[in-house]
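K.L.:
Please read through the structure below; I'll follow up with questions.
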Amino acid sequence: MNKDGFVSSLKENELKDGQLKAVRIKGKPILLVRIGGEVFGLSNRCPHAGCTFEGGILRDYIVMCPCHGWKFDVRNGQYTENPLTTLQTYRCKIEFGKIFIEIEKPKQ
Ligand code: FES
């Protein structure tokens with residue numbers, strides 16, 4: 001892990017625009033979503049019944065769980081029907097041709 005709390009994951013060219021990919025970083029299941037030049041990281045475990053989001057449908061910034069259709073905004077992890085239900089989100093950045101995910105906040 002870098003001292004800024006970011007951990008490297010996929011190469012930038014392994015995640016195409018509009019694509020969802022599951023990774024596991026430090027034991028955490030994370031869904032990476034690329035929209036344009038931005039990458040979003042979310043917990044890859046649906047709070048409804050625990051399915052993962054691979055095979056889900058992405059429309060604009062909304063990902064739909066493939067199991068029963070719950071929809072979440074990838075920008076903030078909110079369930080569209082109830083914003084009190086959220087997926088954990090992870091900040092992501094692209095540097096040196098790789099995607100980095102912030103797993104832990106850097107210590108002050
Ligand atoms: S497990 Fe995701 S909608 Fe049911």
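The values are calculated or read from the model by the stated rules, or taken from the named source; none is laboratory data. Since this is a predicted model, take the numbers as computed values, not measurements. Please note: Cβ atoms are built from the backbone with ideal geometry, for glycine as well, and neighbour counts cover all protein chains shown. In case anyone asks, the SASA skips ligands and DNA or RNA and just uses the protein heavy atoms, side chains included. Shrake-Rupley method; radii C 1.70, N 1.55, O 1.52, S 1.80 Å.
K.L.:
What pairs come out if I take residues in segment 35-62 that are among the charged types (D, E, K, R) and pair them with residues that are outside any strand (DSSP E or B) and within 16 Å of the ligand (Cβ to nearest atom) whose C-beta lies under 7 Å away, six or more apart or interchain?
P.N.:
Filtered contacts from segment 35-62: ARG45/THR52.
K.L.:
Another question, if that's okay. So which residues in segment 13-54 are out of contact with any strand residue (DSSP E or B) (no Cβ under 9 Å at 6 or more places or on another chain) and either of a type in the set (Asp, Glu) or within 13 Å of the ligand (Cβ to nearest atom) (or both), if there are any at all? Reasoning before the result, please.
P.N.:
Keep residues of segment 13-54 that are out of contact with any strand residue (DSSP E or B) (no Cβ under 9 Å at 6 or more places or on another chain), which gives 13, 27, 36, 49-51.
ALA49, GLY50, CYS51, listed by residue number.
K.L.:
Can you tell me which residue is farthest from VAL7 (Cα to Cα) among those in segment 18-59 that are modelled with pLDDT under 95 and over 13 Å from the mean Cα position of the chain (by Cα)?
P.N.:
GLY55
K.L.:
Criterion first (more than 17 Å from GLY5 (Cα to Cα), of a type in the set (A, V, I, L, M) and modelled with pLDDT of 95 or more) does LEU87 satisfy it?
P.N.:
Details: more than 17 Å from GLY5 (Cα to Cα): yes; of a type in the set (A, V, I, L, M): yes; modelled with pLDDT of 95 or more: yes.
Yes: the conditions hold for LEU87.
K.L.:
Another one. Filter segment 9-42 for residues that are open to solvent by 20 Å² or more (accessible area, probe 1.4 Å) and in a loop (DSSP other than H, G, I, E, B) and give the result.
P.N.:
LYS16, ASP17, GLY18, GLN19, LYS26, GLY27, GLY36, GLY37 - these are the residues of segment 9-42 that are open to solvent by 20 Å² or more (accessible area, probe 1.4 Å) and in a loop (DSSP other than H, G, I, E, B).
K.L.:
Before we move on, is ILE103 modelled with pLDDT under 95 and surrounded by 14 or more Cβ atoms within 10 Å (Cβ to Cβ)?
P.N.:
On the way: modelled with pLDDT under 95: yes; surrounded by 14 or more Cβ atoms within 10 Å (Cβ to Cβ): yes.
So ILE103 passes the test.
K.L.:
Assess whether GLU81 counts as being more than 21 Å from GLU104 (Cβ to Cβ), in contact (Cβ under 8 Å) with a residue 12 or more places away in the chain and in contact with a strand residue (DSSP E or B) (Cβ under 9 Å, 6 or more places away or on another chain). So that I can check it myself, show each step before the final result.
P.N.:
Numbers: more than 21 Å from GLU104 (Cβ to Cβ): yes; in contact (Cβ under 8 Å) with a residue 12 or more places away in the chain: no; in contact with a strand residue (DSSP E or B) (Cβ under 9 Å, 6 or more places away or on another chain): yes.
It is false that GLU81 is more than 21 Å from GLU104 (Cβ to Cβ), in contact (Cβ under 8 Å) with a residue 12 or more places away in the chain and in contact with a strand residue (DSSP E or B) (Cβ under 9 Å, 6 or more places away or on another chain).
K.L.:
Right, next: Condition first: within 13 Å of the ligand (Cβ to nearest atom) and either open to solvent by less than 40 Å² (accessible area, probe 1.4 Å) or of a type in the set (A, V, I, L, M) (or both). Now tell me which residues in segment 63-84 satisfy that.
P.N.:
At the first step, the residues of segment 63-84 found to be within 13 Å of the ligand (Cβ to nearest atom) are 63-72, 79-82.
Within segment 63-84, VAL63, MET64, CYS65, GLY69, PHE72, TYR79 meet the criteria.
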